[in-house]
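**Q** Structure provided below as structure tokens; questions to follow.
Quick note: the coordinates plus some simple rules give every number you see, no bench work behind them. Predicted, not measured: the structure shown is a model, and the values here were computed from it. Because the Cβ atoms are built from the backbone with ideal geometry, glycine has one as well, and the counts that use them run over all protein chains shown.
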Amino acid sequence: MTEESVFTGLKVLDAATYIAGPAAAAVLSDFGADVIKIEPPGKGDPQRLLSSVPPSPMAQANYSWHLANRNKRGMVLDLKSPATLEVLKRLVQWADVVITNFPHGTREKLHLGYEEVSGWNPRVVYADLTGFGDTGPDARQPGFDLTAFWSRSGLLASTRDAGSPPTVPVWGSGDYSSAIAVYAAIATALYRRERTGLGADVGTSLLATGVWATGTLVAGALADGTPFELHDRTVPANALSNPYRTADDRWIMLATSSVHWPALSRALGRPELVEDPRFSDREGFAKNAAALSELLDAEFRSRPFDHWKDALARERINYSLVQTPEEAARDPQLRANDIVVPLEGVSGLDYTVSSPVNLRGVPKVTAKRAPDLGEHNEEILTQLGFDPAEITALRERGAIPETVQTQPTR
């Protein structure tokens with residue numbers, strides 16, 4: 001039985017593939033929504049394989065699949081089969097929300113275009129995600145996290161040091177960020193429906209969310225601003241917001257300002273530095289950033305991280321250890337704030353990452369494993385009103401597979 005939460009009773013059809021659309025549906029499921037995920041026959045959603053594709057960490061459990069598809073029920077439907085149309089129609093009529101990320105053109109061929117879907121269910125909130133938006137010369141171009149979110153937006157060109165070529169960012173990071181935008185659009189449309197009774201056509205693109213993430217720089221460009229050169233940690237624009245290496249080969253990201261220079265000088269054990277005329281005002285810090293970076297490099301390299309952890313905390317200097325994902329996974333702060341939560345039903349995977357959306361005092365449902373391929377076909381078809389003979393006919397006509405295509409929940 002689903003725990004009572006904000007979206008308990010809300011019905012969601014997840015007709016999307018990895019990663020942003022399904023992740024948005026997972027956020028709704030965190031708050032109690034009944035989510036039905038449909039997948040094609042064969043191997044299903046490609047995200048089922050993502051955990052086994054380099055450079056994903058190798059593990060026994062299919063952690064990526066459960067991250068974006070927890071708490072859902074699963075169906076296998078061949079949307080290319082004419083026999084599936086009645087099933088899809090009933091699913092849409094059942095749903096409050098339909099999520100898809102099929103490209104324009106493809107979605108219409110699969111009967112998932114907004115006009116057809118809203119014709120079946122005028123109150124539906126139809127949410128989609130594209131790579132590059134609904135119009136313009138590249139509207140039908142396939143878009144991925146690395147291309148539309150990171151590269152096209154200007155973000156990747158700015159997220160590197162001077163003299164270094166662009167690198168491959170953490171793949172999926174743009175997808176999971178975009179999932180929150182899709183979720184926000186759905187929540188906004190549901191609020192509007194409560195007031196007006198009207199359904200809605202909502203969505204975003206990976207490009208839009210990438211540009212939003214790069215917003216300060218793109219807005220500056222719109223103002224014809226003169227950009228700074230790419231960051232160079234030896235000659236930074238601000239040496240007080242810069243990474244430094246400690247004696248035990250850890251990196252800390254310093255994120256402070258000239259206002260805190262006296263406190264930082266004390267933390268360094270060099271209180272006399274406040275008298276250094278090079279660092280007497282904001283202009284001096286900017287003019288002498290290279291010298292200050294060199295000075296801070298030498299100081300931070302002289303002692304291990306544990307020393308700096310205490311010294312910087314004592315003076316309330318804003319900084320962070322640059323943690324690896326493995327260190328972040330073990331960070332007690334994540335469990336204390338339910339950023340990492342228990343996951344039920346998966347061998348070798350006791351925890352997963354929760355969504356960043358929280359309502360204080362309102363619990364999220366307990367995270368449970370994602371469905372096997374086609375696991376709930378019969379259950380859902382029966383719920384939609386198909387009798388055993390009709391279900392058998394759907395199998396014979398190729399709309400659904402002969403048997404549940406159970407895959408290990410690794």
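**Q** Counting only residues 5 or more places away or on other chains, whose amide H sits under 5 Å from the amide H of LYS37 once H atoms are built in the peptide plane?
**A** Counting only residues 5 or more places away or on other chains, the set is ASP14, ARG73, GLY74, MET75.
**Q** Which ordering of LEU155, LEU206, LEU222, LEU49 is given by a fewest-first count of other beta-carbon atoms within 10 Å?
**A** Fewest to most other Cβ atoms nearby, the residues stand as LEU222, LEU49, LEU155, LEU206.
**Q** Peptides 98-104, 319-325: what's the order by average Cβ count within 10 Å, highest mean first?
**A** The most tightly packed comes first, giving 98-104, 319-325.
**Q** Tell me which residues come under 5 Å, amide H to amide H, from GLY131 once H is placed; ignore anything under 5 positions away on its chain.
**A** GLY143, LEU206
**Q** Taking each pair of different alpha-carbon atoms in the range 160-204 once, compute 1/r for the pair, average those values, and report the inverse of that mean as the Kirkwood hydrodynamic radius in Å to one decimal.
**A** 13.1 Å
**Q** Check which residues have an amide H placed less than 5 Å from TYR351's amide H, if you skip close sequence neighbours.
**A** LEU343
**Q** Now, a different point. Mind checking Rg over Rh on the range 141-181, alpha carbons, Kirkwood formula for Rh?
**A** 1.00
**Q** Roughly how many whole Å is it from the C-alpha centroid of the range 190-206 to that of the range 1-58?
**A** The distance from the Cα centre of the range 190-206 to that of the range 1-58 comes to 20 Å.
**Q** Spelling out what I want: for every residue of the range 305-315, take phi, set θ = phi - 60°, compute 6.51 cos²θ - 1.76 cosθ + 1.60 (Karplus), and round to whole Hz; glycine and proline get x.
**A** For the range 305-315, the Karplus curve yields 4, 4, 5, 5, 4, 6, 5, 6, 5, 4, 9 Hz.
**Q** Rounded, prolate or oblate for the range 35-145? Axes are the square roots of the Cα gyration tensor eigenvalues, ordered a ≥ b ≥ c, and the cut-off for rounded is a/c under 1.5.
**A** Note, shape of the range 35-145 comes out oblate.
**Q** Straight-line reach only, C-alpha to C-alpha below 16 angstrom: list the lysines that LYS368 could link to, leaving out same-chain residues fewer than 8 apart.
**A** Once the sequence-local lysines are set aside, what remains near LYS368 is LYS37, LYS72.
**Q** Considering every pair of different Cα atoms, what Kirkwood radius, in Å, is found for the chain?
**A** With all distinct Cα pairs of the chain included, I get 24.1 Å.
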